[in-house]
1. Could you give me the radius of gyration and the Dmax of the stretch 66-221, taking only the C-alpha atoms into account and expressing both in angstrom?
2. If you fit an axis through the alpha-carbon atoms of helix 114-126 and take the longest principal axis of the Cα set of the chain, what angle between them do you get, 0 to 90°, nearest 10?
3. Which net charge results for the neighbourhood of V329, defined as the other residues with beta-carbon distances under 11 angstrom from its beta-carbon, given Lys and Arg at +1 and Asp and Glu at -1?
4. Per DSSP helix of 4 or more residues, -39500 (n - 2.57); summed, then divided by the residues of the chain. What does that give at 222 nm, rounded to the nearest 500?
5. Hey, which aspartates and glutamates would be in cross-link range of K356, C-alpha to C-alpha under 13 Å, not counting anything within fewer than 8 residues on its own chain?
6. Could you tally the net charge around L301, taking each other residue with its Cβ under 11 Å from the Cβ of L301, Lys/Arg +1 and Asp/Glu -1?
7. For the stretch 62-68, just list the computed ³J(HN,Hα) in residue order, Karplus coefficients 6.51, -1.76 and 1.60, θ = phi - 60°, integers in Hz, with x standing in for Gly and Pro.
8. Helix 146-158: angle to the longest alpha-carbon principal axis of the chain, degrees 0 to 90, nearest 10?
Amino acid sequence: MLNLHKISKSYKDNLVLKDVTLSAGPGDVIALIGANGVGKTTLLKILLGEVAPDDGQITNHHDEVGYIPQELDNLNETIEKSFDSVESWRIDYALNLVDLGDVRKDRLLSNLSGGQKTRVAIAQVLAQDPEPTVLLLDEPTNNLDAEGLEWLESFIKRFKGAVLFVSHDRQFINAVATKVIELKAGVTKLYGGNYDFYKQQKEIEYQSALEKYEKQQVEKKRLKKAMVAQKEATKHVHEHIKRADNDKYQRDFFRNRVSVKLGQKAKNLETRLDKLEDVERPDFDKNYEFSLGGASRANKLLVQVEDISKSYDKHVVLSDINFEIRGNVHIHIKGLNGSGKSTLLHILAGQLSPTKGTITYGSDVSVGYFSQDTEGLDYKISALDNLSTTEAKQEAIYRQARSLGIAAEDLLKMPSELSRGQQSKLGFAKLLLANHDLVILDEPTNHLDIATKEQLEKALQAYKGAVLVASHDVYFLQQLKINQTLELKNGRIIES
């Protein structure tokens, strides 16, 4: 059993972790979730022993921890060399465990699919001696297609030790997690279930906290109103009480007695108000409210694709592609990694020319494009200058950036100085500041935290234009309400 108890960690004056508690034992599959920048990577490094906490206890009952990073290093190495000095039989053993026993070990890592690279990364860890009993996975589903995701789900369910993974993939969390740990404001909170269970519990917590807050507000208003009434009553006594015999001494004596009595009541009310528990209005995760401008009339022709093909030397990527986009339809481009989805989206966005065929755009059609590789960003100019190319007003730029969680000081940085998630948000900000009839999205949810994903889903649900999206994020596609699916297979479109 691996245990962390009340772990804290600061970098200079920045408190990253202040009360982190978790335990992982055999059979546990724990999803660690939280917004970008909350300290998930720091926590993983503490679990790996690469970073020492400032305070708290770490207990490791003879567990061996293995770490699977987001990306493999040294992609120009062969599979065998990437294992360093591991004995050959252990390499074969580990590759068999991840169903790569029939793959040649002299293949370059760069020539493997995303799913195969993930399997090699896992095999490198399983080849350790002794074999790990705890696996840490950092965003394991990034760049995996449906086939790769299915394999990873199966592997995690078969693994007999403990698994702790960082992920923003809600469908994957639903499929494998037995527990969810939320990291927020430096504190962890445990939920015993998958992502849907976590969401239900969060909603219950929010409604309970909101009810408590509203009751407190009602009580505050009642006490303040009663205090005002007591003060008015005291004032009334001083101004209006008279004695029939005009005895000034008796009148003042009676008036003072009443004033003291009323004043004591007012003081008691003030004491009760001061002692009333201060309940803050609950903040149910940070909601980044943003919207997509632009619209498309019903059945208006946006794009017509006729006999598109694309080849690189003798390698045919796309062959005889035909389809059209009209109105405000939501279309999903489906296919395994390497099937040509990104190539097709590049062509439709006007960033790549087809080898043959024609693309016809409707009259005055504006097309917006978001690339998973943030190709729409200019890395030679600041983040602010990137957004200024949209010709939006400065006020709109700062408002849109803030809605996506990009701080004003980050806008002054170069894109390369931002995290991968912040770069994605910057790319979205450019898209949001323009008005398009059609938006083309290539794996838009990669590197985005869950809060931003959910706001993106709301924006796309409300968007009045057309959407063409390539994505393996099943949860995201369900929220998007796809009208049409085009599957790319062997370079051709299969409509479903």
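The values are calculated or read from the model by the stated rules, or taken from the named source; none is laboratory data. Here the structure is a predicted model, which is why all the values come from computation and not from measurement. Neighbour counts run over all protein chains shown; Cβ positions are idealised from the backbone, glycine included. When the accessible area is computed, the model is the full protein with side chains, heavy atoms only, and any ligands, DNA or RNA have been set aside. Shrake-Rupley method; radii C 1.70, N 1.55, O 1.52, S 1.80 Å.
1. Rg, Dmax (Cα atoms, Å): 20.5, 75.
2. Tilt of helix 114-126: around 80 degrees.
3. In short, +2.
4. -12000 deg cm²/dmol
5. Within the straight-line limit of under 13 Å, K356 reaches these aspartates and glutamates: E306, D307, D320.
6. Once all neighbours under 11 Å are counted, the net charge is +1.
7. Using θ = phi - 60°, the values come out as 6, 7, 9, 9, x, 10, 10 Hz.
8. Tilt of helix 146-158: around 70 degrees.
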